[in-house]
Amino acid sequence: MRKEVLIAPSMLSADFANLERDVRTCELAGVDLLHIDVMDGHFVPNITIGPLVVNALRPITKLPLDCHLMISNPDQYIESFVKAGADYISVHVEATNHLHRTLALIKSFNIKAGCVLNPITPLNYAFDAAEYCDFILLMSVNPGFGGQSFISSFLKKCEQLRNFLDINGMSHIDIEVDGGVKQDNVKQIVNAGANMIVSGSGLFNGDLVSNVINMRNEINS
Ligand code: DX5
Ligand code: ZN
């Protein structure tokens, strides 16, 4: 049975001077969660936002906040993101020396824990980490920037991961995709087994509400 497919706009592509307005438009469009890209200028070349912004968003929406930490030493900041209101936290496997410990730390706050694999990070990491995760984020671009092109090797990787989860009694674990997701490739991505769809430029370029509706129609087509 296919899992429910969730749509998560990447707020990196929102208008930072009008974040509340864009959150309201996301709500109007019926998205399922808000994806927040946290970058530190060390783990990835770009610097974006931190817990203060998550804290500012928390009182203005009931949508779950999905914090994608592209930062070194994530353990040091996890509690701050939880206190700020994160509902999901994911960490890159290369960003922590002790992934099991980091995932356990996230779970200790009773929120959803995920690990993130870059496009060429071996899938074995996800096989071993799966039982400690609520979701696994497979990057379909190199992390750091919005608006990059989808790397198609994602599809094979995603199929392999979905098969692994299904045959090992872990079908409940969600697979999130992030990077270059647009209306014209989302169906393939869902068919490969992903069920949390992050999209930044694909949703924010143009009319957000109709882009979300069109993407959902494409998923259900
Ligand atoms: C990239 C970020 C993504 C990015 C997606 O490092 O993790 O969430 O904002 O943007 P698009 O959909 O434009 O590739
Ligand atoms: Zn992201």
Value of [θ]222 nm, deg cm²/dmol, for the chain, DSSP H segments ≥ 4, -39500 (n - 2.57) each, nearest 500
-10500 deg cm²/dmol
Of all DSSP beta bridges in the chain, what percent run antiparallel (nearest 5)?
5
Determine the dipole magnitude for the chain: charges of +1 sit on the beta-carbon of Lys and Arg, -1 on that of Asp and Glu, nothing else is charged, the reference point is the Cα centre, and the result goes in debye to the nearest 20.
200
If the viscosity is 1.567 mPa s and the temperature 4 °C, what Stokes-Einstein diffusion coefficient in µm²/s follows for region 1-105 when Rh is the Kirkwood radius over Cα pairs?
90
How many angstrom separate the Cα center of region 140-160 from the Cα center of region 29-60?
20
Across the Cα atoms of region 52-143, what radius of gyration and what greatest pairwise Cα-Cα distance (Dmax) are found, in Å?
12.8, 39
Hey, can you find the accessible area per residue of region 39-111 for me, probe 1.4 Å, expressed in square angstrom?
48
Can you work out the Karplus-derived ³J(HN,Hα) for every residue in region 35-43? Use 6.51 cos²θ - 1.76 cosθ + 1.60 with θ = phi - 60°, whole Hz, and x for glycine or proline.
9, 10, 8, 9, 10, 10, x, 10, 5
Using the Cα gyration tensor of region 2-43, with a ≥ b ≥ c the square roots of its eigenvalues, what is the shape: rounded (a/c below 1.5), prolate (a/b larger than b/c) or oblate (neither)?
oblate
If I take R0 = 35 Å and measure r between the Cβ atoms of N142 and D87 in this structure, what FRET efficiency does the formula 1/(1 + (r/R0)^6) give, to the nearest 0.05?
0.85
Determine the equivalent ellipsoid of the chain by diagonalising the alpha-carbon gyration tensor, then write out the semi-axes as square roots of 5 times the eigenvalues, largest first, rounded to whole Å.
23, 22, 16
Stokes-Einstein, Kirkwood over Cα pairs, region 143-221, 10 °C, 1.306 mPa s; D in µm²/s equals 121
Rounded to the nearest 20 Debye, what is the dipole magnitude of region 116-181 about its Cα centre when Lys and Arg each give +1 and Asp and Glu each give -1 at the C-beta?
280
Excluding residues on the same chain fewer than 8 positions from K187, give the lysines whose Cα lies under 17 Å from its Cα.
K3, K156, K157
Measure off, as a whole percent, the carbon and sulfur share of the 1.4 Å-probe accessible area of the chain, all protein chains present.
50
E94 to E20: FRET efficiency via 1/(1 + (r/R0)^6), r the Cβ-Cβ distance, R0 35 Å, to the nearest 0.05?
0.55
Could you work out how far the C-alpha centroid of region 1-16 sits from that of region 207-221, in angstrom?
11
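The values are calculated or read from the model by the stated rules, or taken from the named source; none is laboratory data. Note that the coordinates shown come from a computational prediction; the quantities given were computed from them, not determined experimentally. FYI the Cβ positions are ideal-geometry reconstructions off the backbone, even for glycines, and counts take in every protein chain you see. Ligands, DNA and RNA are excluded from the accessible area calculation, which covers all protein heavy atoms including side chains. Shrake-Rupley method; radii C 1.70, N 1.55, O 1.52, S 1.80 Å.
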